[in-house]
Each structure stands twice: as C-alpha cells, then as structure tokens.
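Presented below is the structure to which this report refers.
The values are calculated or read from the model by the stated rules, or taken from the named source; none is laboratory data. The model shown is predicted, which means the values in this text are computed figures rather than measured ones. All Cβ positions, even for glycine, are placed from backbone atoms using ideal geometry, and neighbour counts span all protein chains on display.
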C-alpha cells in the first residue's frame, strides 16, 4: 500500500489499517429505520423527495410544481429563474442579438438587474483587467506540484491566492466583491493551466501556455487557452458560453451552493469558502455527473446495437438491474432532485447541441442521446416505484456538448466550476449581507450512554 508521500507502508502498518477500517465499518453506521424513528429527513429531503427549507434567496428560483384550482399540487414542466428572469428569455435575448451571455448573466446574478450597454461594457472591461495571475504563480503553484486531478489543483490554487491578497480576511461588501470578481476572471486560467501542466508532467505532452486576450469572452478565452493553435469556431464558443450560463446558478439548496452559505455564515474568508464549494462540486453525485454520462454512453456503444431501439432498451434495463457499466443501478443524466417533467437547462442545451452535432459530424450520437432521453424515463417508471417522474437533466446533454467541443474529461467538472463561481459569489454576498447568523442545524445523538472503565479493566 502506498501513502501520500509515495512511500510503501510496512506490511504491519497495512494490516493495522485494514483492521481499523473493518472496526470502523463495524462500529459506525446509522440505519435507515433510525431516521424514520426519530423523524429525521436524510439528506435534508422528506419522504417525497422535497428539500427541507433551510433558507431564503433572491438569486434564483426553481419551479417544478404548481397548484391547481382545487388546491392540489402536481408536477409541471421545469422553469428556472435568475433574479426573477426566466432562463429561456435570458438565453433567447442574448442569442437573438448574437452576443455572448455569461458576463451579462454574472452581472445579473451579482447585482440583481440586467446591465445596460454601458454597464456591461464597463463590467466586461473590469473582468478583463482581473484576468491575470500573480508573478510566478503559474510556475510556483501549478508547474512545481502538478496533480492528476484538476479540481484538486484548482482548490489548492484558490487557497494559495489567499497568501497573495493584501487584505484576505476583510468581509466587507467591497472587498468580498473584489475577491469574487477576481476569482470569476481567474478560474479559466487556473483550470486550463492546471490541465496543461497535468498533460505535460504526467502524460508527456507538449506544454503550451496561452495568455488570455482582452476583448474576448470567457468562453472564447477558455477555448483559445486550451487549444495549442488557439483556434475555435463561433458556434463552438457560443455553445460553451451557453453551457456556462446554464451552469452558473441553480438555487441555494444544491450541495456546493449550500456549502457556500454554510461556510460564509462562519465569517471566514472568500478563498476558504470557494475552496470548500469546489470540494463539494468535485463529488460524482454533484459536478462529476456529466463524466459518468459520457462513460455510460461509451459502454453502451461497445455492448449494444445502438441503432436498434429494443437493444438500447435492454441495455438501459440492465443498468437499472446493476448488470451493466458500473453496476450502480443508475442511468446517469436521467432524473433530478427537483425537476420532474423536464429540466429547462437540458432542453436549451439539447436544442443548441443539434446544430453543433451537424457541424462536427455527431449526428448518430445526438440521435442516440435523444432515443435514451425518451426511453429511460419509461423504463424507470416500469421498474421502480417513483414519487415523481424523471427526465433528462442538464448533465445528460452537457457531456455530449463537451465531447463535441473536444474538451478533455479532466476539464468537465472544472468547467462547471468556472460557471458556478458566479452563483457561489452571489450567494456568498447574500449570506454576508442578509443572514447574520451562523448556520447550525441540529443532529440527534442516538448512542446509548456508556460507563467509563479504566484502561487496565478494558
């Protein structure tokens, strides 16, 4: 067994670790029936899957249910609002004017209003000025200790930036806003440079570092810095921009944003807060889901006749039966904690992905994704007792989009972070400006009382 220093542990140490791990498994664990006994909602969700209300926010609203005239509540097509604006209207607005939207949406999330032309230009210029890293930072913090996981390197870089900040612990609105804007601007550089470092030092690839270019959007700069040639098509940049917009925010209850609220409520610094949010996002149950979708489809294409509807349906059934892929019993990208009938983000991404599929020659892949999106909810409904319907979520199509953009797996979740930092920043400011109380939920201690015994008597 190898440790964090790449040293091999002794056989005795390895045996002791295994013994202690087995002891931990044996002595720990709260059974599901105990949660029912004490009326505790696991995962802060009730028996119907509804999230326990723990806070208020003006930043975004998710609608998945509506009340009928007779007072009954039923599911409805999903709707997502940023600061009261329907996401479909926002996307339709900047798309119809052939503009990039992420910077405008970031402004909206932070300041609760859409910018006019002058305000947007001023904001974009400010972000461009922030797109730089401290002298020797890339060499000292990224190149000298390259890692195999970009999310972990990103977290390390964020924490390291604390030491370069002359006023890191000041939580005034002006200072926190400065820090957040800087991180929003810097995230694409940190993510791409971390990936390039990994490719060079661990995979033997050429090391190419492109500086961001003023006048380009976040999406354009990301593609430019990532690709050796720096080339990209307008459609590629527009679709990546759309993905950033759709991932920028999704309520205060998702795991990483709730983490942002919890950590911010303690009064800690911005860098510690964002690093904690990154740790949450990294998890495969959260930001890493789109990688699983792509890997699942790769396995499907190897083991299934994807042109045959019945064959695809059989594979999906085997997924639910824990007989295929990773044997988790999940069809990745299908279902959402909140949405039931539809995820508006998935629908927007699906419609735009069709055009890129045509440009890149991915028509067959797009056809297969569309087929699975139709079949999977039907198969799940037949196989399992569901408290609500399921549909394709945003992760289902974002994986396809990233593949068509030729983005590496290693950057799928960091790109999610590049987008969600806008929402995290808005929620951090909201928590500091509005709440004023540390978040401390209650846990019930269920361990029986025990009598202390001296060491010699145990």
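Can we say residue 31 is under 30 Å from residue 107 (Cα atoms) and outside the structural domain of residue 394 (by TED's automatic domain parsing)?
no
In the list 136, 112, which residue meets the criterion of being at positive phi and modelled with pLDDT of 95 or more?
After ruling out the rest, the residue left standing is 112.
Restricting to region 317-369, and then to whatever is assigned to a helix (DSSP H, G or I) and in contact with a strand residue (DSSP E or B) (Cβ under 9 Å, 6 or more places away or on another chain), can you tell me which residue is surrounded by the fewest Cβ atoms within 10 Å (Cβ to Cβ)?
347
All but one of (1) more than 30 Å from residue 123 (Cβ to Cβ); (2) crowded, with 21+ Cβ neighbours inside 10 Å hold for residue 453; which doesn't?
Condition (2) is where residue 453 drops out.
Could you tell me how many of the residues in region 94-128 are in a loop (DSSP other than H, G, I, E, B) and either in contact (Cβ under 8 Å) with a residue 40 or more places away in the chain or surrounded by 21 or more Cβ atoms within 10 Å (Cβ to Cβ) (or both)?
3
Let's see how each residue does on (1) under 19 Å from residue 289 (Cβ atoms); (2) at pLDDT below 90; (3) assigned to a helix (DSSP H, G or I):
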position: 372; (1), (2), (3): yes, no, yes
position: 382; (1), (2), (3): no, yes, yes
position: 385; (1), (2), (3): no, yes, no
position: 396; (1), (2), (3): yes, no, yes
position: 400; (1), (2), (3): yes, no, yes
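Just checking, how many residues over region 257-276 are surrounded by fewer than 20 Cβ atoms within 10 Å (Cβ to Cβ) and more than 19 Å from the chain's Cα centre (by Cα)?
Counting residues in region 257-276 that are surrounded by fewer than 20 Cβ atoms within 10 Å (Cβ to Cβ) and more than 19 Å from the chain's Cα centre (by Cα) gives 4.
For residues in region 51-61 being surrounded by 15 or more Cβ atoms within 10 Å (Cβ to Cβ) and closer than 21 Å to residue 41 by Cα, which is farthest from the chain's Cα centre (by Cα)?
So the residue we want is 55.
Quick one: count up the residues across region 82-93 that are in a strand (DSSP E or B) and within 14 Å of residue 113 (Cβ to Cβ).
Total satisfying the criteria: 2.
Run residue 48 past the list (1) surrounded by 13 or more Cβ atoms within 10 Å (Cβ to Cβ); (2) within 23 Å of residue 341 (Cβ to Cβ); (3) touching a residue at least 24 places away in the same chain (Cβ under 8 Å) and report the number of the one that doesn't hold.
(1)
Would it be correct to say that residue 221 is in contact (Cβ under 8 Å) with a residue 12 or more places away in the chain and over 24 Å from residue 133 (Cβ atoms)?
So residue 221 fails the test.
Scanning for something outside any helix (DSSP H, G or I), modelled with pLDDT of 95 or more and assigned by TED's automatic domain parsing to the domain that holds residue 277, does region 145-166 turn up at least one residue?
yes
Kindly indicate whether residue 232 is surrounded by 17 or more Cβ atoms within 10 Å (Cβ to Cβ), part of a loop (DSSP other than H, G, I, E, B) and at pLDDT 95 or above.
So residue 232 fits the description; yes.
Cβ-Cβ under 9 Å, sequence separation 6+ or interchain: first residue in region 13-42 and surrounded by fewer than 10 Cβ atoms within 10 Å (Cβ to Cβ), partner assigned to a helix (DSSP H, G or I) and at pLDDT below 90. Which pairs?
Taking only residues 6 or more apart or on different chains, the pairs are 32/42.
Assuming residue 224 fulfils every condition listed in (1) in contact with a helix residue (DSSP H, G or I) (Cβ under 8 Å, 6 or more places away or on another chain); (2) surrounded by fewer than 22 Cβ atoms within 10 Å (Cβ to Cβ); (3) modelled with pLDDT of 95 or more; (4) not in a loop (DSSP other than H, G, I, E, B) apart from one, which condition is it?
Checking residue 224 against (1) in contact with a helix residue (DSSP H, G or I) (Cβ under 8 Å, 6 or more places away or on another chain); (2) surrounded by fewer than 22 Cβ atoms within 10 Å (Cβ to Cβ); (3) modelled with pLDDT of 95 or more; (4) not in a loop (DSSP other than H, G, I, E, B), the one that fails is (1).
Considering only region 193-218, state which residues are assigned to a loop (DSSP other than H, G, I, E, B) and either buried (at least 20 other Cβ atoms within 10 Å of the Cβ) or in contact (Cβ under 8 Å) with a residue 40 or more places away in the chain (or both).
Once the filter is applied, which keeps residues that are assigned to a loop (DSSP other than H, G, I, E, B) and either buried (at least 20 other Cβ atoms within 10 Å of the Cβ) or in contact (Cβ under 8 Å) with a residue 40 or more places away in the chain (or both), region 193-218 yields 209, 212, 214, 215, 217.
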